[in-house]
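One structure below.
The values are calculated or read from the model by the stated rules, or taken from the named source; none is laboratory data. If you're wondering where the values come from, they're calculated on a predicted model, not measured in any experiment. All Cβ positions, glycine included, derive from the backbone under ideal geometry; neighbour counts span all protein chains shown.
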Amino acid sequence: MYSSDIRFLKSVFQQSMIERSYAIGLNDVPPKDDSLDINELKDKILLLPEYMQSLLFMKYIFGFDPNAAEGILSISDSKQKLRYAEMLLAYSLRLPDNQRISKTSMKQAAGVALGKLMLKNDIAVPAKNPNYSNKFRRRLKDIKAAQYYNG
């Protein structure tokens, strides 16, 4: 298959999932709050594509409306893509078709996922003791002495 065919099939699948969610009426079903493993949900969030992760972080951590996130992140149809990401997470957690994940669980898992993502991308360079030459050390002592006596 060509990459354009794969992109087309992916967009058709996303659109069909969104249309199906409107037909089912997800807003009528109470969200699933109990017995959800936050660590499993966090792992599922980290497996999503970067743009879906960003949308989830913008909504559940920073409190942005999906339309505002659309302007900030330059992602078209962000509301539909956010809903798709939420449905994908619910499906991956083996929830029933018409069941959603609660906002509190999503906030907790998104917070943990963002923390883990930040730690993973933060490459700390261990501090090494500097190796200064003797000439430079004498110059530093002179500067320190001048500051001490003048100040």
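Quick notes on this structure:
- Considering residues of segment 58-99 that are farther than 15 Å from PHE13 by Cβ, in contact with a Pro (Cβ under 9 Å, 6 or more places away or on another chain) and small (Gly, Ala, Ser) only, the residue modelled with the lowest pLDDT: SER78
- For segment 21-46, the tally of residues that are modelled with pLDDT under 65 and assigned to a helix (DSSP H, G or I) stands at 7.
- Helices (runs of 4 or more DSSP H) within segment 48-151 that include 3 or more residues basic (Lys, Arg) and either surrounded by 12 or more Cβ atoms within 10 Å (Cβ to Cβ) or touching a strand residue (DSSP E or B) at 6+ places or on another chain (Cβ under 8 Å) (or both): 78-92, 103-121
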